[in-house]
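Enquirer: A single structure is presented below for examination.
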Amino acid sequence: MYGFDSYVALGDSFTEGLNDALPDGSFRGWADRLAELLAGGEPDFRYANLSLRGKMLDEIMDEQLPIALELKPDLVTLCAGGNDIIVPGADVDAVAQRLEEGVAKLREAGIPVLMFNGPDTKALSVMSVLRGKVAIYNTHLWAIAERYGARMVDLWTMGPLHDRRAWSDDRLHFSPDAHRRIALKSAEVLGIPVEGDWREPWPSEAVPSRWLESRRSDLTWTKVHLLPWIRRQIRGESMGDGLSPKRPKLAPLVPLDVLEVPDKAQQQAS
């Protein structure tokens, strides 16, 4: 019905689904939610998710891309490079060039590619310092998509993602409802009819955070989440060390309700 009998997702923690947790502690995420939508229109639909938290672009290109090329699915989603450009001193131009190599290989193999640019970090306080880097990287991504005929999910202009409630406590990964919205946006870009609207505004907040409370929160977040992440990158360590992709092979998928957002979804990465 939708023209996609098979789908392979490539990437890092964003595509793995952190922090859109299911009751058993596993992660669902926008890619699973998109797969559920695709499965609803194709009885023989199969899905693989090779993404893994903490993966750098070279790892994704060397470990995940060859598998996707071998599987030859009807659709590949690719979001990568975010972990690279966050590292201090990163060469954004070089990161984009490496990503382009992967997109070129997929398109040369005749595989449709759905890309994702980086979200606007303006509303994330401390993380807002990365806004310029993300914007430069996004410019490259748009050019790559145009050169190779890939489709783009424009996270930067998704207004609901500019709200702090779109982010989990670590401010590095999206909340369950943000994952839901991204899945709906992705389906829209692919031309798939869905119920629900990713543009739906967030409920009004009764009491906005005070300045002092916000700064204390920033300090706590920096100590608990940001600095440990930077130290891991410098040491060459990863959140995904010792872990395996959750769906390493193309297999049928039992659809859940893509519009569902768990009320008590865990907000911490294991």
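The values are calculated or read from the model by the stated rules, or taken from the named source; none is laboratory data. Computed from a predicted model, the values in this text were never measured in an experiment. Note that each Cβ is placed from the backbone with ideal geometry, even for glycine, and that neighbours are counted across all protein chains shown.
Enquirer: Could you list, in sequence order, the residues of the range 17-36 that are charged (D, E, K, R) and either under 21 Å from E195 (Cα atoms) or touching a helix residue (DSSP H, G or I) at 6+ places or on another chain (Cβ under 6 Å) (or both)? Break it down stepwise before answering.
Expert: Applying the first criterion (charged (D, E, K, R)) to the range 17-36 yields 20, 24, 28, 32-33, 36.
The answer is D20, R28, D32, R33, E36.
Enquirer: Which count do you get for residues in the range 14-33 that are part of a helix (DSSP H, G or I) and surrounded by fewer than 24 Cβ atoms within 10 Å (Cβ to Cβ)? Full working, then the answer.
Expert: Quick first cut of the range 14-33, residues part of a helix (DSSP H, G or I) only: 14-16, 29-33.
If we keep only those that are surrounded by fewer than 24 Cβ atoms within 10 Å (Cβ to Cβ) as well, we get none.
Qualifying residue count for the region: 0.
Enquirer: Having 1 or more residues that are free of Cβ contacts under 8 Å to residues at least 60 places away in the same chain is the bar; report the strands (runs of 3 or more DSSP E) wholly within the range 34-119 that clear it. Please lay out each step first, then the result.
Expert: Values: elements: 46-49, 75-79, 113-116.
Once the strands (runs of 3 or more DSSP E) in the range 34-119 are filtered for at least 1 residues that are free of Cβ contacts under 8 Å to residues at least 60 places away in the same chain, what remains is 113-116.
Enquirer: Also, quick follow-up: Could you list all residues from the range 120-144 that are without any contact (Cβ under 8 Å) to a residue 40 or more places away in the chain and not charged (D, E, K, R)? Give the steps one after another, and end with the answer.
Expert: Initially, the range 120-144 is screened for residues without any contact (Cβ under 8 Å) to a residue 40 or more places away in the chain, giving 121, 128-129, 131-132, 135, 138-139, 142-143.
Result: T121, S128, V129, G132, A135, N138, T139, W142, A143.
Enquirer: Could you check G41 against (1) surrounded by fewer than 24 Cβ atoms within 10 Å (Cβ to Cβ); (2) within 25 Å of G81 (Cβ to Cβ) and say which number it fails?
Expert: Among (1) surrounded by fewer than 24 Cβ atoms within 10 Å (Cβ to Cβ); (2) within 25 Å of G81 (Cβ to Cβ), G41 violates only (2).
Enquirer: Follow-up question, since we're still on this one. I'm told E200 meets every condition in (1) modelled with pLDDT of 80 or more; (2) surrounded by 13 or more Cβ atoms within 10 Å (Cβ to Cβ); (3) out of contact with any strand residue (DSSP E or B) (no Cβ under 8 Å at 6 or more places or on another chain) except one. Can you identify the failing condition by its number?
Expert: Exception for E200: condition (2).
Enquirer: Considering every residue within the range 124-136, establish whether at least one is at pLDDT below 95, under 16 Å from the mean Cα position of the chain (by Cα) and either surrounded by fewer than 22 Cβ atoms within 10 Å (Cβ to Cβ) or not hydroxyl-bearing (S, T, Y) (or both).
Expert: No; the residues of the range 124-136 include none that is at pLDDT below 95, under 16 Å from the mean Cα position of the chain (by Cα) and either surrounded by fewer than 22 Cβ atoms within 10 Å (Cβ to Cβ) or not hydroxyl-bearing (S, T, Y) (or both).
Enquirer: A further question follows. Which residues, counting only those in the range 153-200, are over 24 Å from P112 (Cα atoms) and part of a strand (DSSP E or B)?
Expert: W167, F174
Enquirer: Is there any pair with a first residue in the range 160-180 that is within 12 Å of A21 (Cα to Cα) and a second that is among the small types (G, A, S) and assigned to a helix (DSSP H, G or I) whose Cβ atoms are under 7 Å apart and which are 6 or more apart or on different chains, and what are they?
Expert: Within 7 Å, the pairs are H173/S13; F174/A166; S175/A166; H179/G29.
Enquirer: A48 - would you say it is of a type in the set (G, A, S) and at pLDDT 95 or above? Walk me through it before giving the result.
Expert: Numbers: of a type in the set (G, A, S): yes; at pLDDT 95 or above: yes.
Judged against the criteria, A48 is a match.
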